[in-house]
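S.K.: Handing you a structure now.
The values are calculated or read from the model by the stated rules, or taken from the named source; none is laboratory data. Owing to the predicted nature of the structure, the values given are computational and were not obtained by experimental measurement. Cβ: placed from backbone, ideal geometry, glycine included. Neighbour counts: every protein chain shown.
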Amino acid sequence: MGCGPHRHFSPPDDRSGPFHHGHGRGGRHRGRLFDYGELRLLLLAIIADAPSHGYELIKTVEERFGGSYSPSPGVIYPTLSWLDDMGYAVIEPAEGGRKRYRITQEGKAFLDANRAAIDELMARAGGRGPGRREGVPAPVVRAMENLKLAMRLRLRQGDVSEEAAEAIAAALDLAARTVAKS
């Protein structure tokens, strides 16, 4: 991924599912719904629809992913600064001293040049992508995604002892009974 104004985004090659797992510093595993370049495109596409404040962008992304993903301010604001630095978005003063981000002509050209990646992102963020299930409340989707991720991470650790298997099964059985009674 380039950082210059004439570079174009190219999606990562490794896509094993809705969460990409990479190694962070010190060997930590971090699950991400998409990479930094994809977040740049997603935010720019949202801004293209309507100028927005950082907090509004956080909420819009969260809504588009059915509550299963909510970017932190520590991710959103550096991304917005990059978009501003590249000339893809500009900051407009707004009420209460807040900053609203608006797309520029250069930003529109960048989106056009990356249309295929934007379309794929929007499909993921729409009703067909991970984290969106029609008619299912966002907190339920978030909890289901948390359970899937927790199970996947636990099973990747290796063998599950008989005691751990019984504890996991008991927790899942209790959850199933609770859901059935709700």
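S.K.: Tell me which residues, restricted to segment 158-182, are of a type in the set (Ser, Thr, Tyr) and in a helix (DSSP H, G or I). Don't jump to the end; show me each part of the working.
M.R.: To start, the set of residues in segment 158-182 that are of a type in the set (Ser, Thr, Tyr) comprises 161, 178, 182.
Listed by number, the list holds a single entry, Thr178.
S.K.: Same structure again: Cβ-Cβ below 7 Å, separation at least six or inter-chain, first residue in segment 168-182 and closer than 19 Å to Arg152 by Cβ and in the same structural domain as Lys148 (by TED's automatic domain parsing), second of a type in the set (Val, Ile, Thr) and surrounded by 10 or more Cβ atoms within 10 Å (Cβ to Cβ): which pairs?
M.R.: Qualifying pairs under 7 Å: none.
S.K.: So in segment 88-108, with the set limited to residues that are in a helix (DSSP H, G or I) and surrounded by 13 or more Cβ atoms within 10 Å (Cβ to Cβ), which one is farthest from the chain's Cα centre (by Cα)? I'd like the intermediate steps shown before the answer.
M.R.: If we filter segment 88-108 for residues that are in a helix (DSSP H, G or I), which is where we start, we get 95-97, 105-108.
Subsequent filtering for residues that are surrounded by 13 or more Cβ atoms within 10 Å (Cβ to Cβ) retains 106-108.
Values: Glu106: 24, Gly107: 21, Lys108: 22 Å.
Residue satisfying both the conditions and the ranking: Glu106.
S.K.: Something else: Looking at segment 49-87 only, could you name the residues that are surrounded by 18 or more Cβ atoms within 10 Å (Cβ to Cβ) and touching a residue at least 60 places away in the same chain (Cβ under 8 Å)?
M.R.: Listed by number, the residues that qualify are Val61, Arg64, Phe65, Gly66, Gly67, Ser68, Tyr69, Met86.
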